[in-house]
Amino acid sequence: MEPARLRAAYPVLRETAYLNAGTCGPVAEEAAQAARAELHVATDDGRWMPYFERMIDLQTRQRSAYAARLGAAASDVALTTSTSEGIVRVLAGLDLGPEDEIITSDEEHPGLIGPLGHAARRLQVHVRTVPFERLAEAVGPATKLVAASHVSWVTGQVAPAELRDVAARGIPVLLDGAQGVGAIPIDVAELRCTFYAAAGQKWLGGPVGTGLLYVDPAWHERLPSIGPTYLNLQDPGAGLDAAPHVDARRHDASALSAEASAWAVAAHEVVDTTIGWPAAYEHAATLAQQLADELTARGREVAPRGRTTLVSWVEDDPKAFAQRALAHRVIVRDLPGWPYVRASVGAWNDESDLERLLALIP
Ligand SMILES: Cc1ncc(COP(=O)(O)O)c(C=O)c1O
């Protein structure tokens, strides 16, 4: 394994200790070039049939790349514009009402909380919030859905493994995988989750406006498409009889540009062709643990975490810390409403990035 080869792919790392992939991943030069190449085709040749044929081909490759990161079949993966869009599609497609309960946790991102709050108001469904580590045991007779993070964006903890038993009992589990996909190894069959919504712009290094939604094949028919437009129909030319795709493609976003898909595909390939995804997961998790240990050794309270890529620790004034770090070209962030500063450690980082951060901690 040669992590230095991967690191060299990201120009931002030349000057900056970029530890912020939990917001947006670093952009590989090759990924930017791939997007630019599509734009050149569009500017020089125009956007007619060949442009659209390339767009469809790139989307096929993007879907396969995402599926590989989930251990899923490509037909079980929809291309969305964000994690939140996938969540919205699931909540809107399920038949939920006043008698039903959704269980969620106290460590969720507004990308999940927002749609849940809306469902509560619009459908009178009861949303019950429980501690993240107690998600599985909180399930009761009225529970019709568990919707929570796979990896907590606050602490880097991993959702309880017992959620797989919940899904096995027929209660659908929607995992918000914004901090999971591309960061840690995922096998949806092992997780047994029903739905997995995630982002393209974070740990997969793609553009803002990309994302994915995995749908368990047993739910392809049960989860109706809430927004059939022409791109997610089986036969768009069939007029009023045109039906949505039968697989997860029925949840595809209504538009995704060739340049966005080219960037997403190339970003995925950069990791694949330098150190490979399994080595990337391992390197990132080891570096993140190293940072957590160093912080603890310096007397900092590190939030309880799993073997993930997020490291959060308590600072008296997290926002001021993040701003001070920025002045040293170290990019970390505070989390509004929480006492933590959060560093996102990717396989593209190395010990020099950690040292630059740790130098700010007396
Ligand atoms: C856990 C979690 N869920 C959802 C989101 C929102 O992601 P997106 O912008 O892809 O909808 C984020 C973004 O930081 C996140 O960390």
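The values are calculated or read from the model by the stated rules, or taken from the named source; none is laboratory data. Since this is a predicted model, take the numbers as computed values, not measurements. Because the Cβ atoms are built from the backbone with ideal geometry, glycine has one as well, and the counts that use them run over all protein chains shown. Just so you know, the surface numbers come from the protein's heavy atoms only, side chains and all, with ligands and any DNA or RNA stripped out. Shrake-Rupley method; radii C 1.70, N 1.55, O 1.52, S 1.80 Å.
Annotation note: of L116, L94, L70, the sole residue that is more than 15 Å from the chain's Cα centre (by Cα) and away from the ligand (no atom under 13 Å from the Cβ) is L94. When the stretch 289-306 is limited to residues that are open to solvent by 60 Å² or more (accessible area, probe 1.4 Å) and in contact with a strand residue (DSSP E or B) (Cβ under 7 Å, 6 or more places away or on another chain), the one that is farthest from T155 (Cα to Cα) turns out to be T296.
Of the residues making up the stretch 232-243, those that are closer than 27 Å to G206 by Cα and in contact with a Leu (Cβ under 8 Å, 6 or more places away or on another chain) number 0. Taken over the stretch 161-184, residues that are in a loop (DSSP other than H, G, I, E, B), open to solvent by less than 20 Å² (accessible area, probe 1.4 Å) and not β-branched (V, I, T) amount to 7.
Among the listed residues L213, L204, identify the single one that is assigned to a strand (DSSP E or B), within 16 Å of the ligand (Cβ to nearest atom), open to solvent by less than 20 Å² (accessible area, probe 1.4 Å) and modelled with pLDDT of 95 or more.
L213
When restricted to residues that are surrounded by 16 or more Cβ atoms within 10 Å (Cβ to Cβ), out of contact with any helix residue (DSSP H, G or I) (no Cβ under 8 Å at 6 or more places or on another chain) and within 22 Å of H109 (Cα to Cα), the stretch 320-362 contains 4. Going by the structure shown, is T143 within 16 Å of the ligand (Cβ to nearest atom) and in contact (Cβ under 8 Å) with a residue 12 or more places away in the chain? It is false that T143 is within 16 Å of the ligand (Cβ to nearest atom) and in contact (Cβ under 8 Å) with a residue 12 or more places away in the chain.
Residues in the stretch 307-319 that are buried (at least 21 other Cβ atoms within 10 Å of the Cβ), out of contact with any helix residue (DSSP H, G or I) (no Cβ under 6 Å at 6 or more places or on another chain) and assigned to a strand (DSSP E or B): L310, S312. Could you list, ordered by first residue, the pairs with Cβ atoms under 8 Å in which the first is in the stretch 13-32 and within 21 Å of S152 (Cα to Cα) and part of a loop (DSSP other than H, G, I, E, B) and the second is open to solvent by 20 Å² or more (accessible area, probe 1.4 Å) and more than 15 Å from the ligand (Cβ to nearest atom), at least 6 apart or interchain? As it stands, the answer is P26/V12; P26/Y18, since those pairs meet every condition given.
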